[in-house]
Amino acid sequence: DVKVTQSSRYLVKRTGEKVFLECVQDMDHENMFWYRQDPGLGLRLIYFSYDVKMKEKGDIPEGYSVSREKKERFSLILESASTNQTSMYLCASSLSEAGASTDTQYFGPGTRLTVL
Amino acid sequence: QKEVEQDPGPLSVPEGAIVSLNCTYSNSAFQYFMWYRQYSRKGPELLMYTYSSGNKEDGRFTAQVDKSSKYISLFIRDSQPSDSATYLCAMSAGYKLSFGAGTTVTVRA
């Protein structure tokens, strides 16, 4: 079975802190994604990566950056956390090449981040 | 207007009932249509996947896509308490998925 793990299930940070969210997948998938999930808004794509060191902005990249130094690991970085970044963050991975999301995306359990 | 509209519910049905969920969308370029199920405190998992218009059945689950009306549906027959979850529709024309807000379903024993 594909396994996508996220470093923390719950995280509480203060405004202005730098926050790192880590995601690891164990199936040699090419593509990895970061979403945030908010009530009434569904999942919104923040960034995705279709190869090591490659990244593309999603729908809501402002205030976030990402890093993919190794194929299995995709990190989301909040340079200076703000209260409006309080949310559930979901990482996903998929197999197909060139960032095509038509292949099945496998999700991690999520990190619930609270910024005070 | 959102690209994908989904009634958030919540929806509460007795065990054994048929659950009917639907989404509408505005982007006529969407060709791939999916339903994800998300249990509480878990990540979404793919339930059904359909390409273009038509029906697809998998056990108690049936997905329908009507591209002419820009409308997709998911039916759950003989619903069970274990079907209690949030159901998200998702669709794509290429590299990224667009999700509905999700409908929370509770099946009462």
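The values are calculated or read from the model by the stated rules, or taken from the named source; none is laboratory data. No experiment lies behind these values; they were computed from the predicted model shown. Cβ: placed from backbone, ideal geometry, glycine included. Neighbour counts: every protein chain shown. Note: areas computed on protein heavy atoms with side chains; ligands, DNA, RNA excluded. Shrake-Rupley method; radii C 1.70, N 1.55, O 1.52, S 1.80 Å.
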query = Taking strands (runs of 3 or more DSSP E) that do not extend beyond the stretch A:11-116, which have at least 1 residues that are within 10 Å of another protein chain (Cβ to nearest Cβ) and within 27 Å of B:Thr50 (Cβ to Cβ)?
reply = A:31-38, A:42-51, A:54-57, A:87-94
query = Among B:Asp78, B:Asp83, which is crowded, with 17+ Cβ neighbours inside 10 Å, charged (D, E, K, R), out of contact with any helix residue (DSSP H, G or I) (no Cβ under 7 Å at 6 or more places or on another chain) and more than 14 Å from chain A (Cβ to nearest Cβ)?
reply = B:Asp83
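Residues checked against (1) away from chain A (no Cβ under 11 Å); (2) in a loop (DSSP other than H, G, I, E, B); (3) hydroxyl-bearing (Ser, Thr, Tyr); (4) open to solvent by less than 40 Å² (accessible area, probe 1.4 Å):
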residue	(1), (2), (3), (4)
B:Lys2	no, yes, no, no
B:Leu21	yes, no, no, yes
B:Ala29	yes, yes, no, no
B:Ala63	yes, no, no, yes
key: Condition check for B:Ser92: buried (at least 17 other Cβ atoms within 10 Å of the Cβ), within 14 Å of chain A (Cβ to nearest Cβ) and within 30 Å of A:Tyr50 (Cα to Cα)   = yes
task = Please enumerate the residues belonging to the stretch B:95-109 that are assigned to a loop (DSSP other than H, G, I, E, B) and open to solvent by 10 Å² or more (accessible area, probe 1.4 Å).
result = B:Tyr95, B:Lys96, B:Ala101, B:Ala109
Cβ-Cβ under 9 Å pairs, at least 6 apart or on other chains, the stretch B:30-45 side over 15 Å from B:Lys96 (Cβ atoms), far side among the hydroxyl-bearing types (Ser, Thr, Tyr) and assigned to a loop (DSSP other than H, G, I, E, B) = B:Tyr39/B:Ser84; B:Ser40/B:Ser84; B:Glu45/B:Tyr39
